[in-house]
Amino acid sequence: AAPTLCYELNYPRTPKIRKIFLLRRTLESIFLVNILLALSQQWLVPTVMGSLEPLQSMDLLMMIQRGLLLALPNHLLWLLLFYFYFHSYLNVLAELLRFGDRSFYKDWWNADSIDTFWRHWNVPVHRWAARHVYYPLLSRGYSRVMSQIAVFLLSAFFHEYLVSIPLRMLRPWAFTAMLSQVPLALLTSLEVMRGQPGNVVVWVSIILGQPLAIMM
């Protein structure tokens with residue numbers, strides 16, 4: 001399957017498979033998978049296990065300390081996973097299929113609002129949500145805000161589904177975390193939050209939000 005979620009009769013095609021480019025992206029993928037596995041086993045998992053005791057005893061200060069300790073390995077792994085999937089793996093797949101549209105992500109790291117972050121960090125999913133959920137709701141008379149909330153609700157459902165099924169436990173933390181993006185999106189849409197303040201909110205939500213979800 002091509003690295004897109006939207007059906008089109010014709011997509012741009014590259015004239016040939018670039019062997020050097022394909023080899024580089026393939027080696028990157030293999031290297032990053034091994035790095036991700038090693039860091040998970042040697043750094044992230046022991047840190048998570050060490051966070052269980054203060055969580056069970058409801059020791060607030062220790063929970064904060066463990067959450068901050070968890071933030072560094074979690075964020076590093078998240079960045080590596082992003083690079084592996086969106087830059088290395090999807091380019092390998094696209095190159096093998098001679099798929100010409102390589103817009104898998106944009107400069108989400110410069111996003112000054114939560115809304116911009118979600119539109120830029122996962123372009124294939126954003127295009128699918130815009131095409132099949134957001135714009136159809138707008139065309140039926142729903143407001144822009146209500147259409148965005150509907151997209152976040154759908155995204156929250158799938159995030160919870162992808163977490164709950166493999167782990168065989170139903171805890172609404174992924175769903176709640178996604179819904180918490182709605183007030184953050186409204187906050188960062190304010191004029192006073194444009195630029196650096198909004199970008200700080202985006203990065204803080206990424207760095208601290210994920211460790212909190214893992215601990216829960």
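The values are calculated or read from the model by the stated rules, or taken from the named source; none is laboratory data. Given the structure is predicted, the values throughout are model-derived calculations rather than measurements. Every residue, glycine among them, receives a Cβ derived from its backbone with ideal geometry; neighbour counts consider all protein chains shown.
Quick look at the numbers
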| quantity | calculated |
| --- | --- |
| Tally of residues being within 20 Å of the chain's Cα centre (by Cα) and at pLDDT below 95 across segment 3-35 | 4 |
| Residue count, segment 93-103 (criterion: closer than 17 Å to Cys6 by Cβ and surrounded by 19 or more Cβ atoms within 10 Å (Cβ to Cβ)) | 1 |
| Within segment 104-216, helices (runs of 4 or more DSSP H) holding 1 or more residues that are without any contact (Cβ under 8 Å) to a residue 60 or more places away in the chain and surrounded by 19 or more Cβ atoms within 10 Å (Cβ to Cβ) | 114-121, 123-129, 144-167, 173-179 |
